[in-house]
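Scroll down for the structure; my scribbles are underneath it.
The values are calculated or read from the model by the stated rules, or taken from the named source; none is laboratory data. The model shown is predicted, which means the values in this text are computed figures rather than measured ones. Heads up, the Cβs are rebuilt from the backbone with ideal geometry, glycines too, and the neighbour counts pull from every protein chain shown.
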Amino acid sequence: MLQRKIGNSYWETSAIALGNMRMAALTSTEAAEVLDTALENEINFIDSADMYGDGKSELIFGEALKEANISRDKFFIQSKGGIVTGDEKRYDFSKQHLLDSVDGILERMGIEYLDSYLLHRPDPLMEPEAIAEAFDILQANGKVRHFGVSNFNPEQFQMLQAVVDQKLMINQLQFSIMHTGMIDYGMHTNMTDTRSFDHDGGILEFARRNEVTIQAWSPFQYGFFEGVFVDNDKFPELNELLAKLAKKYDTNKNAIAVAWILRHPANMQVILGTMNPKRIKESAAGGAITLTKQEWYDVYFAAGNDLP
Ligand SMILES: NC(=O)c1ccc[n+]([C@@H]2O[C@H](COP(=O)([O-])OP(=O)(O)OC[C@H]3O[C@@H](n4cnc5c(N)ncnc54)[C@H](OP(=O)(O)O)[C@@H]3O)[C@@H](O)[C@H]2O)c1
């Protein structure tokens, strides 16, 4: 399995990670099989969030760890917080909310510490000093080892980094063959078409310059959870090419979709969301494939893009 150095650390993990957003729908026995399958395929990074299934994903994950008799240190375990759901709805990066969020995660998962904790979505009411205090406490009491963010633009990232002592190692962002805003605008600079819009403030280049690991979420989705593009009749040209490349590399379409993300020199991690053991294995195969530059571009074109 291809490895990734996280941020500017010496911390190395699998380039392919497993997200547990959809784990709430599984029994603990099914989830145990998912975790076993991940390890068998050398996936040793778990991404979670306190809000997934209103906490149920983390409960099931914790039960599954026990049921599969997997020792906690077999995985780098990451979770995210800062979104309040239920009767109340807001983003909340207040010190107490973050401290409570981590305590809740550790309790549900039945573990002593998180390898990393990310702020899930930028809170416009964020006060970096309050976040800094929370991070200091969480690090000092050994509950969190590393910190990062998710869905942050460079200005938000820098505003926070200027105040917190810990290096922000990670920014988790949506990126896939069918979600390429981060790269489109760079090829359409100074043009007037819609692809020239910079939606993210140059976050990809920012991450590369500042040794921030991008974790690509929803690698098989198009739109904002509209559906899966693999084997979807809406995308005949793309699926034809994915099938052709899958044949060439003696693999499957999901693996090619993963390999396409990993081929980008930003050294991203890919976070799989599948809860199907067969598909985890198939997707993990993408970690062993290096597409040629032309193949990478051809997939980009087959997804409906072109070059100016
Ligand atoms: N930071 C953020 O804001 C954010 C947002 C969303 C997600 N995430 C993270 O990213 C992870 C992945 O997100 P995701 O679950 O949306 O990603 P995904 O891997 O793109 O999608 C997984 C879904 O696609 C289905 N699928 C995959 N390949 C398929 C195929 N060939 N045919 C039919 N169905 C297929 C899976 O079904 P099966 O289970 O049946 O295979 C599953 O329902 C999450 O678990 C979470 O950790 C982060």
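Considering only residues of the range 241-267 that are of a type in the set (K, R) and without any contact (Cβ under 8 Å) to a residue 24 or more places away in the chain, which is surrounded by the most Cβ atoms within 10 Å (Cβ to Cβ)? Looking at the filtered set, the residue picked out is K253.
Among the conditions (1) more than 14 Å from the ligand (Cβ to nearest atom); (2) touching a helix residue (DSSP H, G or I) at 6+ places or on another chain (Cβ under 9 Å); (3) closer than 25 Å to A49 by Cα, the only one that E211 does not satisfy is (2).
For the subset of the range 143-159 comprising residues that are within 23 Å of F175 (Cα to Cα) and touching a residue at least 40 places away in the same chain (Cβ under 8 Å), which member is farthest from the ligand (Cβ to nearest atom)? The extreme case among them is E155. Screening L238 against (1) buried (at least 17 other Cβ atoms within 10 Å of the Cβ); (2) within 13 Å of the ligand (Cβ to nearest atom); (3) within 30 Å of L35 (Cβ to Cβ) leaves a single unmet condition, (3). Of everything in the range 164-220 that's touching a residue at least 60 places away in the same chain (Cβ under 8 Å) and in a strand (DSSP E or B), which residue is surrounded by the most Cβ atoms within 10 Å (Cβ to Cβ)? Here the residue is Q172. Flag not set for D73, criterion: among the acidic types (D, E), under 30 Å from F157 (Cβ atoms) and within 13 Å of the ligand (Cβ to nearest atom). Return yes or no: is F45 over 25 Å from V258 (Cβ atoms), among the aromatic types (F, W, Y) and touching a strand residue (DSSP E or B) at 6+ places or on another chain (Cβ under 7 Å)? Answer is no for this residue. Only a single criterion out of (1) within 27 Å of V102 (Cα to Cα); (2) surrounded by 18 or more Cβ atoms within 10 Å (Cβ to Cβ); (3) within 16 Å of the ligand (Cβ to nearest atom) is not satisfied by F229, namely (1). Of all residues in the range 255-308, those being more than 17 Å from the chain's Cα centre (by Cα) and either farther than 26 Å from F61 by Cα or modelled with pLDDT under 95 (or both) number 22.
Conditions tested, residue by residue: (1) of a type in the set (G, A, S); (2) within 9 Å of the ligand (Cβ to nearest atom).
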site	(1), (2)
A255	yes, no
W260	no, no
R263	no, no
M268	no, no
L272	no, yes
G287	yes, no
T290	no, no
W296	no, no
P308	no, no
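If we scan the range 173-181, do we find a residue that is near the ligand (Cβ under 9 Å from one of its atoms) and not hydroxyl-bearing (S, T, Y)? The answer is yes, given that some residue of the range 173-181 is near the ligand (Cβ under 9 Å from one of its atoms) and not hydroxyl-bearing (S, T, Y). Total residues in the range 242-253 satisfying the condition of being away from the ligand (no atom under 12 Å from the Cβ) and part of a loop (DSSP other than H, G, I, E, B): the figure is 3. Scanning the range 76-97 for residues that are within 19 Å of A140 (Cβ to Cβ) and more than 16 Å from the ligand (Cβ to nearest atom) returns S94, K95, Q96, H97.
The residues in the range 145-167 that are touching a helix residue (DSSP H, G or I) at 6+ places or on another chain (Cβ under 6 Å) and of a type in the set (G, A, S) can be counted, and the count is 0. Checking L18, L39, L26 one by one, the residue that is more than 12 Å from the ligand (Cβ to nearest atom) and either without any contact (Cβ under 8 Å) to a residue 40 or more places away in the chain or buried (at least 19 other Cβ atoms within 10 Å of the Cβ) (or both) is L39 and no other.
Close contacts from the range 291-308, counting a first residue that is hydrophobic (A, V, I, L, M, F, W, C) and a second that is surrounded by 13 or more Cβ atoms within 10 Å (Cβ to Cβ) and not in a helix (DSSP H, G or I), with Cβ to Cβ under 7 Å and a gap of 6+ residues or different chains, come to L291/R263; W296/R263; V299/I177; A303/I177; A303/M178. So, E107, is that one assigned to a helix (DSSP H, G or I) and among the charged types (D, E, K, R) or not? For E107, the condition - assigned to a helix (DSSP H, G or I) and among the charged types (D, E, K, R) - is met.
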